[in-house]
Amino acid sequence: MTIVQQEDLIQSVADALQYISYYHPRDYIQHLARAYEREQSPAAKDAIAQILSNSRMCAEGRRPVCQDTGIVNVFLKIGMDARLEGFRGSSFPSVADAVNEGVRRAYLHPDNKLRASIVEDPIFGRRNTKDNTPAVITWSSCRGTPSMWTSRPRGPARRTNRSSRC
């Protein structure tokens with residue numbers, strides 16, 4: 001039986017969101033490098049070189065690749081035999097509360113604050129939440145014990161995935 005501790009879920013969401021804020025996927029960089037080698041236009045080649053240079057600086061400096069980190073989409077897949085622990089009686093009693101706490105920690109991380117762009121329900125004021133919550137959470141169950149989630153900030157320029165096992 002897989003045991004998913006609440007704090008592990010929260011921290012893995014926060015860590016993954018920080019990670020994908022400053023790293024492009026390896027295959028993206030590889031494809032861009034190949035495109036650079038094949039490109040004939042000097043202007044286009046310079047643009048690709050700038051993207052590759054910016055990506056490297058973001059990874060080395062652990063700073064966001066893109067200012068608009070978008071809305072967080074989390075896809076949870078929890079095994080039917082998995083057991084959730086640490087939720088009852090806590091400040092974050094539901095899985096959604098725990099995921100949103102992970103988002104909150106990532107976006108308010110003191111060494112790399114991310115730009116919060118989510119607003120409260122527009123009917124009641126449309127104010128920025130200042131921590132990018134709530135996330136869009138899609139939950140599914142599967143047979144057995146696997147527990148996995150994928151996070152994806154969705155902004156105009158962000159299409160990075162990060163998966164993690166809890």
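Suppose we keep only residues that are buried (at least 16 other Cβ atoms within 10 Å of the Cβ) and closer than 24 Å to residue 104 by Cα within the stretch 76-85. Which one would you say is nearest to the chain's Cα centre (by Cα)?
Within the stretch 76-85, the subset buried (at least 16 other Cβ atoms within 10 Å of the Cβ) is 76-79, 82, 84.
Going one step further and asking which of them are closer than 24 Å to residue 104 by Cα, we end up with 76-78, 84.
Values: 76: 13, 77: 16, 78: 18, 84: 22 Å.
Only one residue fits best here, namely 76.
When 100, 73 are checked against the criterion of being of a type in the set (S, T, N, Q) and crowded, with 21+ Cβ neighbours inside 10 Å, a single residue qualifies: 100. Out of all the residues in the stretch 25-33, is one or more out of contact with any strand residue (DSSP E or B) (no Cβ under 9 Å at 6 or more places or on another chain), polar (S, T, N, Q) and closer than 20 Å to residue 137 by Cα? No. Checking 59, 47, 33 one by one, the residue that is within 17 Å of the chain's Cα centre (by Cα), among the aliphatic types (A, V, I, L, M), in a helix (DSSP H, G or I) and not assigned by TED's automatic domain parsing to the domain that holds residue 89 is 59 and no other.
One residue alone among 121, 81, 131 is in the same structural domain as residue 17 (by TED's automatic domain parsing) and touching a Gly at 6+ places or on another chain (Cβ under 7 Å), and that residue is 81.
Keeping to the stretch 119-137, report how many residues are touching a helix residue (DSSP H, G or I) at 6+ places or on another chain (Cβ under 6 Å) and not hydrophobic (A, V, I, L, M, F, W, C).
To start, the set of residues in the stretch 119-137 that are touching a helix residue (DSSP H, G or I) at 6+ places or on another chain (Cβ under 6 Å) comprises 131-135, 137.
Still in the list and also not hydrophobic (A, V, I, L, M, F, W, C): 131-134.
Of the residues in that region, 4 qualify.
Yes or no: the stretch 103-115 includes at least one residue that is out of contact with any Pro (no Cβ under 8 Å at 6 or more places or on another chain), among the hydrophobic types (A, V, I, L, M, F, W, C), touching a residue at least 24 places away in the same chain (Cβ under 8 Å) and over 21 Å from residue 130 (Cβ atoms). Looking for residues that are out of contact with any Pro (no Cβ under 8 Å at 6 or more places or on another chain), among the hydrophobic types (A, V, I, L, M, F, W, C), touching a residue at least 24 places away in the same chain (Cβ under 8 Å) and over 21 Å from residue 130 (Cβ atoms), one finds none in the stretch 103-115, hence no. Among all residue pairs at least 6 apart or on different chains, which show Cβ distances below 7 Å where the first residue, located in the stretch 24-53, is closer than 17 Å to residue 65 by Cα and the second is in a loop (DSSP other than H, G, I, E, B)? Close Cβ pairs (under 7 Å, with a partner that is in a loop (DSSP other than H, G, I, E, B)) amount to 24/65; 24/160; 25/160; 48/39.
The values are calculated or read from the model by the stated rules, or taken from the named source; none is laboratory data. Quick caveat: nothing in here was measured; it's all calculated off a predicted structure. Glycine also receives a Cβ, built like all others from the backbone with ideal geometry; neighbour counts cover every protein chain displayed.
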